[in-house]
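FYI, it's all coordinate maths here, none of it is from the lab. Being a predicted model, the structure only gives us computed values, none of them experimental. In this analysis, Cβ positions are derived from the backbone assuming ideal geometry, glycine residues included, and neighbour counts consider all displayed protein chains.
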Amino acid sequence: MRPRLLTTGAAVAAALLCAAALGLTVWVDARVADPPASTVGGVYALVYAATGVLLVHLRPRNAIGWLLVLTGLLQALSVGGNAYGGYGVAAAQPEWPLARVVAQSTSMIWIASLTLPATVLVALYPSGRLPARWWRWPVAAVSAGLAVLTVASSLSRSAYDDIAPGTAPVDLPETWWVPAALVAGGAVLCGTATIWVATVVRLVRARPPERQQLAWLVCVVLPLMLAVFYLPDSAGWVALPLTLMVPVAILVGVVRYRLLGIVLSRALVYAGLTAAVVLLYLVVATVAAAALGRTLSPATGAVAAALLAVALSPARARLQAAADRFVYGRRRDPVTAVTELGHRVATADEADLLPAVLGTVTAALRAPAARVLPPREAVDPGGSIAVPLKVSGRDVGTLCVAERQPGEAFTAGDRRLLAALAPQVAVVVRALELTRSLERERDRVLTATHAERDRIRRDLHDGLGPSLAGIGLGVQAVQAQLGRTAEPSTGGLLARLKDEVDAAVGEVRRILDGLRPAPLDDLGLVVAVRRHADTLASRVPVRVIAEQLPQLPPEVETAAYRIAQEALTNVARHSGARSAEVYVRARRGCLEVTVVDDGTGFAPSDGCRAGGVGLVSMRTRAAAVRGGLTVTSGPGGTRVTAGLPLEAER
């Protein structure tokens, strides 16, 4: 605690010296008709030193506070020394001690006091440390150049004459001090340009909150510094408000940077408006003066200013609205925000619907994030605003929007905008909830359907099918045992029973064949085809080549699998091929399944029937989904291609 008190006390002592310099300046100005000192400079020194004291107290490890104190001290030395030396030489009787030395040694210190905030302070802003080691070179160039420039220019006769009459203590020839001043000025200019360009690069690359602080410096503080530096001496009291704004703006940038997003946009708007008014006024004044052939009178200037104010009023309103939208979002235009939300709902994909809606909400409120909490989940009130979402009296969740910056609360306008957006968000959340419920119910129904279908398949395949086959074998055994000794009526009855049993077995096989294959549900089309190809590897090697497929209708997927299965079975049984390939791909809205072999081929009129299933069966399956089947065969092999529309009728 004691070191902090000592540092703050030293800064306060420096500020008191600045106050003393200001008091001396006011005292001299009141007694001399043409005072050498400037009261505006004294105010400049005191404001900078006082702001530096406050920053040293709040941020004792930040060098910017001490730089502000140093700037105030240098300006205090300038105006105080000018007042002491000028009055002590010209008016005091007798002449004050060392008045001539003080007048000459402090004559040009104002250069450093005005330049340091626009150079070294920019390099140290906002942390008080240089961003990188190489920044020491431009800072050193500026510091050394200012020191040489101040000393060299102070030793000239012209600098002393501006403060006090008579002979200067030191009169350095121009051939000595002018080259030194030129070299030092060049170093200051090069260092300043390097610092400013590097600061702009920092601004582009920086991240919040440093980006806000640097934007505040580039867009607000630097223009104010330049205005103070370049205003003529006659406009000293015009520069005074700007002088007061510069250190305060620096203090806000270092200490209260979280508020810069609001203040910066306002400052940019009003700075732009001011520049536009001044520029247009100068243009109108110049044109009017040229037309009238004389300088505008005060009345004419007032009329021109009034006309410009009226003409720029719509622009001011639009710029203000743009600033509000930039900082606060759409809080003043909720209808547009709701329209944008509806457009996002209409154009976004279902999977991205909720993120798109939340993104629209955050953009409308200029908030960093938003989320939807499930119903009855506890809401953390810290750092966010929560709005319940209801549809038809049903609680569907809570919309939580994070605050823009820590400590920046939402205004009443923000809450009204959020209240207008919340019902639209609630409808989307409810729709997505119903969609998920429907998907879960569909999955449950499909799971139950698949389970029931598998049970029927097992019962037919393992129960009824073998029973019917056993009955058929029993009838065949009875026929064989009776032989020719059976009576004609008995033989006919047994033959008819055998035909009925065979027909029942065929019907069971047809039903099993019509059920959706289980591998499709478990593995998918491509893997199911590969598994079936592996079962034929002992007879003929089969290579399956598949592309990325879209979502397939179930009936198309079943038809494709059955066609590939039957075609491969025919290749293994009848083609005598050494290898075969299966291509599965999507082309122009159709699923193409192609089976190619290098076998002996066949005549299409033969039908290529295998176990009762051949080309007719494959064509029937393709036609059932509004597709087609193309078969080309010859001595070099056979190609079977099925084209199945992906938009088959359900």
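A simple count of charges around Val542, restricted to other residues whose Cβ falls under 14 Å of its Cβ and scoring Lys, Arg +1 and Asp, Glu -1, yields +1. Close amide H partners of Thr119, meaning residues 5 or more places away or on another chain with modelled amide H under 5 Å apart, do not exist here.
For Val544, the residues 5 or more places off, or on other chains, whose built amide H falls under 5 Å of its own are Val582.
Kirkwood Rh over alpha-carbon pairs of region 105-217, then Stokes-Einstein at 4 °C and 1.567 mPa s: what D in µm² s⁻¹, rounded to an integer?
Working: Rh = 15.5 Å.
My calculation gives 84 µm²/s for D.
Amide H contacts for Gly397 (H built 1.01 Å from N in the peptide plane; partners 5 or more residues away or on another chain; cut-off under 5 Å): Leu389.
The calculated FRET efficiency for Leu464 paired with Ala369, based on their beta-carbon distance and R0 = 56 Å, is about 0.35. With the simple spin-label model, which puts each label point 7 Å out from Cα in the Cβ direction, the Glu647 to Arg543 separation comes to 3.6 nm.
For Val571, what is the net charge nearby, where nearby means another residue's Cβ is under 9 Å from its Cβ and Lys, Arg count +1, Asp, Glu -1?
+1
Extension gain, Leu497 to Ala431: 0.36 nm times the residue separation minus the Cα-Cα distance gives 17.8 nm.
Please order Tyr561, Tyr84 by the number of other Cβ within 10 Å, starting at the fewest.
Numbers: Tyr561 23, Tyr84 26.
Fewest to most other Cβ atoms nearby, the residues stand as Tyr561, Tyr84.
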